[in-house]
Amino acid sequence: ETGVTQTPRHLVMGMTNKKSLKCEQHLGHNAMYWYKQSAKKPLELMFVYSLEERVENNSVPSRFSPECPNSSHLFLHLHTLQPEDSALYLCASSQDVSDGNQPQHFGDGTRLSIL
Amino acid sequence: AQSVAQPEDQVNVAEGNPLTVKCTYSVSGNPYLFWYVQYPNRGLQFLLKYITGDNLVKGSYGFEAEFNKSQTSFHLKKPSALVSDSALYFCAVRDANTGGFKTIFGAGTRLFVKA
């Protein structure tokens, strides 16, 4: 299997639930990213990890908690979400955070709906 | 600060006709510029990039883009559109001089190619 894989593809949860999104990359990259994609808005960068170390937390509410146990796996733990958190959550990877001329490789996303 | 503008929410073109999707950018230093495409229920897919050198860059699926420094533009083009090109297109920029890992994405342009 190659590329960036995200699970689950769809998730419906209540505001009081706890769930986790998973991302796995098989590209040997050192950097991983979480983005939020809402309709008709630019992609919002949430978190960046470089070799399992968080290098960016882009003013994201604490109800989103990332985890990067190794350079191939990235999680987004969700707790007490709000309806406005409903969106497509995209994971991406790139060779290194410092390689600005390299593109990012994206997974197909998790479509999250908050009831 | 970096920014990207995609002035058109939607572009409509007939199959076989040339297409252009517009993008303008703003960075303090030299830009690294990217185009991505997103098909329904999929993540973003890299199409092409401009780093340095020839202003006309060629990418996947017959797409090309022209870097214009004086107009700070990086328009995506294709000589003959296909119905299968219908998708959401994102322009993105990184500042080559300041380094860092933050890629700024535009809000996207939806391309409809009519048979």
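The values are calculated or read from the model by the stated rules, or taken from the named source; none is laboratory data. Just so you know, these numbers come straight off a predicted model, no measurement behind them. Glycine gets a Cβ as well: all are built from the backbone with ideal geometry, and neighbour counts include every protein chain shown. Each accessible area value is taken on the protein alone, full model and side chains, heavy atoms only, with ligands, DNA and RNA left out. Shrake-Rupley method; radii C 1.70, N 1.55, O 1.52, S 1.80 Å.
Got a number for residues in region B:14-32 being surrounded by 20 or more Cβ atoms within 10 Å (Cβ to Cβ) and either among the β-branched types (Val, Ile, Thr) or out of contact with any Cys (no Cβ under 7 Å at 6 or more places or on another chain) (or both)?
Residues meeting the conditions: 6.
Every residue, every condition in (1) touching a residue at least 24 places away in the same chain (Cβ under 8 Å); (2) under 28 Å from A:His10 (Cβ atoms), yes or no:
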position: B:Val4; (1), (2): yes, no
position: B:Arg42; (1), (2): no, yes
position: B:Leu47; (1), (2): yes, yes
position: B:Leu82; (1), (2): yes, no
position: B:Phe101; (1), (2): no, no
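Considering each of A:Ser65, A:Ser113, A:Ser93, A:Ser50 in turn, give the residue that is polar (S, T, N, Q) and free of Cβ contacts under 8 Å to residues at least 24 places away in the same chain.
A:Ser65
When you check B:Leu76 against the structure, is it open to solvent by 10 Å² or more (accessible area, probe 1.4 Å) and either within 14 Å of chain A (Cβ to nearest Cβ) or not in a helix (DSSP H, G or I) (or both), yes or no?
no
Determine if region A:70-88 includes at least one residue that is more than 19 Å from A:Pro103 (Cα to Cα), in contact with a Gly (Cβ under 6 Å, 6 or more places away or on another chain) and surrounded by 15 or more Cβ atoms within 10 Å (Cβ to Cβ).
Yes, because at least one residue in region A:70-88 is more than 19 Å from A:Pro103 (Cα to Cα), in contact with a Gly (Cβ under 6 Å, 6 or more places away or on another chain) and surrounded by 15 or more Cβ atoms within 10 Å (Cβ to Cβ).
Quick test for you: out of A:Glu52, A:Glu56, pick the one residue that is at pLDDT below 95, farther than 20 Å from A:Gly3 by Cα and acidic (Asp, Glu).
The unique qualifying residue is A:Glu56.
When the residues of region B:53-73 are narrowed to those that are in contact (Cβ under 8 Å) with a residue 24 or more places away in the chain, within 14 Å of chain A (Cβ to nearest Cβ) and not in a loop (DSSP other than H, G, I, E, B), which ends up farthest from B:Val37 (Cα to Cα)?
Checking each candidate, the answer is B:Phe67.
Residue by residue through region B:79-115, note down the ones that are open to solvent by less than 20 Å² (accessible area, probe 1.4 Å) and farther than 24 Å from A:Gln102 by Cβ.
If the condition is that a residue be open to solvent by less than 20 Å² (accessible area, probe 1.4 Å) and farther than 24 Å from A:Gln102 by Cβ, then B:Ala81, B:Asp85, B:Leu111, B:Val113 are the ones that fit.
If I filter region A:30-68 down to residues being within 12 Å of chain B (Cβ to nearest Cβ) and not in a strand (DSSP E or B), which single residue comes out as farthest from B:Ala92 (Cα to Cα)?
A:Asn30
So which of A:Pro42, A:Pro66 is closer than 19 Å to B:Phe105 by Cβ and out of contact with any helix residue (DSSP H, G or I) (no Cβ under 8 Å at 6 or more places or on another chain)?
A:Pro42
Out of region B:1-11, which residues are surrounded by 14 or more Cβ atoms within 10 Å (Cβ to Cβ) and either out of contact with any Lys or Arg (no Cβ under 9 Å at 6 or more places or on another chain) or among the polar types (S, T, N, Q) (or both)?
Of everything in region B:1-11, those that are surrounded by 14 or more Cβ atoms within 10 Å (Cβ to Cβ) and either out of contact with any Lys or Arg (no Cβ under 9 Å at 6 or more places or on another chain) or among the polar types (S, T, N, Q) (or both) turn out to be B:Gln2, B:Val4, B:Gln6.
For region B:43-52, state whether one or more residues are facing another protein chain (nearest Cβ under 10 Å), closer than 24 Å to A:Glu44 by Cβ and not in a strand (DSSP E or B).
yes
Please determine whether any residue of region A:8-17 is surrounded by 15 or more Cβ atoms within 10 Å (Cβ to Cβ) and part of a strand (DSSP E or B).
Within region A:8-17, one or more residues are surrounded by 15 or more Cβ atoms within 10 Å (Cβ to Cβ) and part of a strand (DSSP E or B).
Tell me whether region A:78-89 contains one or more residues that are at the interface with another protein chain (Cβ under 8 Å from one of its Cβ atoms) and at pLDDT 95 or above. Lay out the reasoning, then the answer.
Residues of region A:78-89 that are at the interface with another protein chain (Cβ under 8 Å from one of its Cβ atoms), as a first pass: none.
No, region A:78-89 has no match at all.
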